[in-house]
Amino acid sequence: MLSGLVIVDKPQGWTSHDVVGRMRRIAGTRKVGHAGTLDPMATGVLVVGINKATRLLTYIVGTSKTYTATIRLGESTVTDDAEGEVVATVSAAAATEDAIRAGIASLTGEIQQVPSSVSAIKVNGERAYARVRSGEDVKLAARAVTIHRFEVHGMRRERGGDVVDIDVTVECSSGTYIRALARDLGGSLGVGGHLTALRRTHVGPYSLDQARTLEQLAEELEILEMSEAARALMPNRELSAEETTEISFGRRIAAGAPAGSAEAATADRPAAAFAPDGSLVALLADTGSFAKPVLVFAPGTGGSPTREQAG
């Protein structure tokens, strides 16, 4: 059974769900999922799992992301990006480069961010954007996110200086909304702001260099095999033949590191365990003096995974 990750270069105007639907047809299977939504306006890295590799997606969703983007100061939109109607214009002529850089510095590090009201976050079981479209005034709670890097590459003044376009790179924790950064930067300067371009270049260890367009994938389906995908994503543990047999039957083995230590694998941050032949056997969590399987794959055959109870 064909299983692995596909690194897609998502086209502009497509939803992540659209991409999954197309990949189902390309791969010839219904068991396809993605590791985190990318807005329709955005392009770039969308990690797609096929068959057994869908079990890895949950461990990819929480990884850090990197984007290149263009922020426009002087205009606010209802969606905080270029797809929404402009709702306010304030000349950005008085916004100096020093003030802009100071605003960016204040949005770097650990911050509290209010997601865009038209995000896919669910409010009482319904997507926030659906509530906004129905005319509801949606207020979302702030959440903690980390902006590891917010780097300016260029600034351009347009329309006689009334708007300023800023090209940036943002490296951030999972759950960060880049259009909310654009909105908040413009808000801190008193001129409003929104996102005019967004391209995701990295999701965890997977990069744009590995990505292929849907057209390229339709011509030749390039899949990151399960073992290779897991090696890049997680801490690795090499098993002996005896340990491989034990784990393949869902039994515990000696811990890779003491439970509670920085090196210990957990159910949320498991280690990828490999058989002597290099095949992915299981995902392991260290519990006390033992390592127990969180997810087991039949070694060497790519059989159906089974989930074990850790603890």
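Remarks
- Within the option set 257, 298, 265, 273, being open to solvent by less than 60 Å² (accessible area, probe 1.4 Å), at pLDDT 95 or above and either under 17 Å from residue 230 (Cβ atoms) or part of a loop (DSSP other than H, G, I, E, B) (or both) holds for one residue only, 273.
- Criterion: of a type in the set (A, V, I, L, M), at pLDDT 95 or above and out of contact with any strand residue (DSSP E or B) (no Cβ under 6 Å at 6 or more places or on another chain) - qualifying residue of 217, 195, 224: 217
- Hits in region 1-46 - residues which are of a type in the set (S, T, N, Q) and in contact (Cβ under 8 Å) with a residue 40 or more places away in the chain: 3, 37, 43
- Some residue of region 98-115 being surrounded by 15 or more Cβ atoms within 10 Å (Cβ to Cβ) and in a strand (DSSP E or B): yes
- Look at (1) within 28 Å of residue 184 (Cβ to Cβ); (2) buried (at least 17 other Cβ atoms within 10 Å of the Cβ); (3) of a type outside the set (Ser, Thr, Tyr); (4) out of contact with any strand residue (DSSP E or B) (no Cβ under 7 Å at 6 or more places or on another chain) and you find that residue 62 fails only one, number (2).
- Of all residues in region 206-224, those that are more than 16 Å from residue 3 (Cα to Cα) have Cβ atoms under 6 Å from Cβ atoms of residues that are outside any loop (DSSP other than H, G, I, E, B) and among the hydrophobic types (A, V, I, L, M, F, W, C), 6 or more apart or on another chain, in 206/7; 206/47; 208/45; 210/7; 211/7; 211/45; 218/26.
- Subset of region 276-293 (residues that are under 23 Å from residue 58 (Cα atoms) and open to solvent by 10 Å² or more (accessible area, probe 1.4 Å)): 278, 279, 280, 286, 287, 292
- Filter result (closer than 29 Å to residue 94 by Cα and either open to solvent by 20 Å² or more (accessible area, probe 1.4 Å) or under 13 Å from the mean Cα position of the chain (by Cα) (or both)) within region 173-197: 176, 177, 178, 183, 184, 187, 188, 189, 190, 196, 197
- Against the test of being within 30 Å of residue 25 (Cβ to Cβ), open to solvent by 10 Å² or more (accessible area, probe 1.4 Å) and of a type in the set (Ser, Thr, Tyr), the options 213, 244 yield a single qualifying residue, 213.
The values are calculated or read from the model by the stated rules, or taken from the named source; none is laboratory data. In this text, all values refer to a predicted model and were calculated from it rather than measured experimentally. Note that each Cβ is placed from the backbone with ideal geometry, even for glycine, and that neighbours are counted across all protein chains shown. Just the protein is used for accessible areas: all its heavy atoms, side chains included, with ligands, DNA and RNA removed. Shrake-Rupley method; radii C 1.70, N 1.55, O 1.52, S 1.80 Å.
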